[in-house]
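Colleague: The following block contains the structure, expressed as structure tokens.
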Amino acid sequence: MVYIVSWDEFVDRSVQLFRADPESTRYTMKYRHCDGKLVLKVTDNKECLKFKTDQAQDAKKMEKLNNIFFTLMARGPDVDLSEVTGKEQIETQPVKKGRGRKQ
């Protein structure tokens, strides 16, 4: 098992691992609240990649990686990942002026 220090390298190698063998690649995450540590692991039973962090800001990065894997699993391993983002844009509805209490 290899802990990868760079987030970008972990994402690139994880996507390559999934594209090489999508049937047997697994992605897991483990969070230990008492330590405040998050460990992400991608494996295909031959190679194991791990990324460990204790930074709260890496939660957004994890969300983007989740979306990348969801896209690869749903659309196939040959999909273009350039349009995948961390959060999809949600159309905002105009705020209604009601007859409620004034604030």
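What follows draws every value from the coordinates through simple rules; no lab data is involved. Being a predicted model, the structure only gives us computed values, none of them experimental. All Cβ positions, even for glycine, are placed from backbone atoms using ideal geometry, and neighbour counts span all protein chains on display.
Colleague: Quote to one decimal, in nm, the extra length available between residue 66 and residue 52 on full extension: 0.36 nm per residue of separation minus the C-alpha distance between them.
Modeller: 3.5 nm
Colleague: What ranking, highest mean first, results for peptides 57-67, 11-21, 27-37 when packing means the other Cβ atoms within 10 Å averaged over each residue?
Modeller: Result, highest mean Cβ count within 10 Å first: 11-21, 57-67, 27-37.
Colleague: Give me a comma-separated list of calculated 3J(HN,Hα) values for the stretch 23-40, in order, Karplus coefficients 6.51, -1.76, 1.60 applied at θ = phi - 60°, integers in Hz, x for any Gly or Pro.
Modeller: Each residue's phi maps through the Karplus curve to give 6, 10, 7, 10, 10, 10, 9, 9, 10, 10, 5, 5, 9, x, 10, 10, 10, 9 Hz.
Colleague: Here is a further query. If I stretch the segment between residue 34 and residue 8 completely, what's the gain in nm (0.36 nm per residue apart, minus their alpha carbon distance), one decimal?
Modeller: Separation in residues times 0.36 nm, less the Cα-Cα distance, equals 6.7 nm.
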